[in-house]
Each structure stands twice: as C-alpha cells, then as structure tokens.
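Student: Structure below; questions to follow.
Laboratory data are not the source of any read-out in this text; all were calculated from the coordinates shown. Quick caveat, the model's predicted, so the values are computed rather than measured. Backbone-built Cβ (ideal geometry, glycine too); neighbour counts: all protein chains shown.
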Amino acid sequence: MLVGWSIMFLVIALIAGLLGFTGIAGAAAGIAQILFFVFLVVFVISLISGAVRGRRPPP
C-alpha cells in the first residue's frame, strides 16, 4: 500500500518536473520521499520481528 503511494507521488513529481512546475514537483517529491522512508522503516521492523520469532519466509 505505501509502495503504491510512493510510486504515484514519484511519477507526479517527475511529470511536474518535466513540465516545469517546480512548486508541485517539490511537494510531490517530498511526499514520495517521506512515504519511501516510512516503507523502509516498516520493512526493517518486519525483518527484525521475523528474525526474532524465528519464522522463515515462505518459499
């Protein structure tokens, strides 16, 4: 879910940047960056919790 939002704002930022809308591009890029880091933190937390529980990922 978060990855989808990150990709959507990244695409909006790239399109706005190509068209020259710097204010829109900056805002969309900022949102995409925040969502990316939130996704990264959640991913690391899930990896650590999986390692602590000792569960293996499905094949």
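Student: Just check segment 2-53 against the gyration tensor rule for me: Cα atoms, a ≥ b ≥ c as the square roots of the eigenvalues, rounded for a/c under 1.5, and otherwise prolate or oblate depending on whether a/b exceeds b/c. Write out the running numbers ahead of the final one.
Tutor: On the way: a/c = 5.85, a/b = 3.81, b/c = 1.54.
Because a/c hits 1.5 or more and a/b exceeds b/c, segment 2-53 counts as prolate.
Student: For a protection proxy built on the mean count of beta-carbon atoms within 10 angstrom, sort 28-36, 40-48 highest first, please.
Tutor: The densest-packed peptide leads the list: 28-36, 40-48.
Student: When only Cα pairs under 8 Å and 6 or more residues apart are kept, what is the percent relative contact order across segment 2-53? Working shown, then result.
Tutor: Details: 37 pairs, mean separation 21.3, N = 52.
Result for segment 2-53 is 41 percent.
Student: In segment 25-42, whose amide N lies under 20 Å from the spot 7 Å out along Cα-to-Cβ of Ser49? List them in ranges.
Tutor: Label zone hits: 35-42.
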